[in-house]
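Asker: I am attaching a structure below and will ask some questions about it afterwards.
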Amino acid sequence: MRTQTATPTMNTPLSLLFAFYLGVCHIHHADGFLLPSPPSAVSSHSHASPTTNQITRHSNILPPLCLSADEEQPSESIAVVINTTLSETNTKKLFAWIKCAFDRDESDEGETYAYYYNNIELAIAAAFGDNLPKDSLPAKLLDMAMKKEGLLEEGEDDGDGDKTKEWEELLVGDVIGRTDRESASLGAMGAGQWTGQFMTRPHSLLDVKNYTSVDDWIKTLPRGCKRTLKKATPESQHFTVTAKPIRGGQAAPHSSYAHFRCVVQHEVRLLSNMYGTSTNAFVNALAEAISRYMGTTRMAGSIREYRDVTTDKVIGFAHEASKGRTMRGQWFYCDDDAATRYVWFHSVRDLVGRAIEDDRIDVVDLGPSGSDAFTELKTKYGFESVVDWPSVADYSGDFIYEDDQNEAETMGDDMMRMMEALLERQEMKEARRKNE
């Protein structure tokens, strides 16, 4: 499978058009990126001719950028071969590129480069292209990103070197206040349905009011599920679990490369299982992984971080948030190694156990599923798929936190609370005035 793009050299003016062949995958705007559409609309085994699926992007979506005084040399178009083998090297390349996309460099040069770094097509071509000329725009931009991260030492060409654990686990997420994190969490929680705006997909719910311990829940499960949960322990699978709160006014504890690689491997594995090992599915998985990583690191709640006992490497994380009387398993991502070590099953057991022990919680919500098979798996563990799920899962109250979780809130959150208090006081005055 080939992805073709007009690839100018560094000696050409970059007022250009980009053309991508992505099988039958169409391109649309989403959150500032150019993202492929979901593969569910097409077959992963399509053999349509590339010439019938050419997507043209003209220079009006990209600012002119000239890196040389020579503006007369014509650009040259080449076919970029996408390598669909996922490795630490190309995943780090993609992460370095994304960090540049969110760089707060407000200089004219920085803003100009930002337009290019915000193009996910260029990112994928640069990180996974097998035959990009070294003097092409994507290659040069990737070179700049790698050097900025210290991943490309002088004299190295492939960007692959011994990188420290410190770099991999450095938190690079935005400093976001509590109120903003809560607002960012509502969409994934399904607020569109409980606020009456629109219907969402059915959620998988478990009512825990009648359980006194996690063992009570396990006793209700089929024999096969009991055997699986018995295997899903840190001792037998050689992993550790650490609770890390997501604090207002701080970067998210999972906003690092170590966690990004888990999201990428998870999405590539998931879409490959669903749609086959095609270039189309691979590109869509990378775009989905970037979007999901951005989303989870902006939300409220806490994570359970899973690490390998021997290497201390992050192998997965579960993101959860509690609101009203519901504990929501918001997101779960793990690398290929953790996928064979029952990490997801442990995360569900742990979530249910803590929900039962918390008197404030009545329901555990695992949300909607990406496939019928996953819905059926949740059903085996007692989670019922409910269409009118807001009638069962009460999200009407406040978010629930640890006592000291948001002590470092930002001024923006303080200002928001002050405005909310003033509005509440005004409403009370209006109510008293009506009663007089």
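Asker: Restricting to segment 132-173, what's the tally of residues that are within 30 Å of Asp398 (Cα to Cα) and either small (Gly, Ala, Ser) or modelled with pLDDT under 90 (or both)?
Answerer: 1
Asker: Still on this structure, please answer the following. When only residues in segment 277-301 that are open to solvent by 20 Å² or more (accessible area, probe 1.4 Å) and among the small types (Gly, Ala, Ser) count, which is nearest to Leu171 (Cα to Cα)?
Answerer: Gly295
Asker: Output the number of residues of segment 352-379 satisfying the condition of being buried (at least 17 other Cβ atoms within 10 Å of the Cβ) and basic (Lys, Arg).
Answerer: Number satisfying all stated conditions: 2.
Asker: Out of curiosity, is Asp308 open to solvent by 30 Å² or more (accessible area, probe 1.4 Å), over 21 Å from Ser204 (Cβ atoms), over 11 Å from the mean Cα position of the chain (by Cα) and charged (D, E, K, R)?
Answerer: No.
Asker: Where residues in segment 202-225 are part of a loop (DSSP other than H, G, I, E, B) and out of contact with any strand residue (DSSP E or B) (no Cβ under 9 Å at 6 or more places or on another chain), which of them is least open to solvent (accessible area, probe 1.4 Å)?
Answerer: Leu221
Asker: When only residues in segment 363-410 that are in a loop (DSSP other than H, G, I, E, B), out of contact with any Ser or Thr (no Cβ under 7 Å at 6 or more places or on another chain) and of a type in the set (D, E, K, R) count, which is farthest from Pro222 (Cα to Cα)?
Answerer: Per the criteria, the residue is Glu409.
Asker: Can you name the residue in segment 178-201 that is open to solvent by 40 Å² or more (accessible area, probe 1.4 Å) and of a type in the set (Lys, Arg) and is also farthest from Leu366 (Cα to Cα) among such residues?
Answerer: Within segment 178-201, the match that is farthest from Leu366 (Cα to Cα) is Arg178.
The values are calculated or read from the model by the stated rules, or taken from the named source; none is laboratory data. Bear in mind the structure is a predicted one, so any value in this text is a computation, not a measurement. All Cβ positions, even for glycine, are placed from backbone atoms using ideal geometry, and neighbour counts span all protein chains on display. Only protein heavy atoms, including side chains, enter the accessible area calculation; ligands, DNA and RNA are left aside. Shrake-Rupley method; radii C 1.70, N 1.55, O 1.52, S 1.80 Å.
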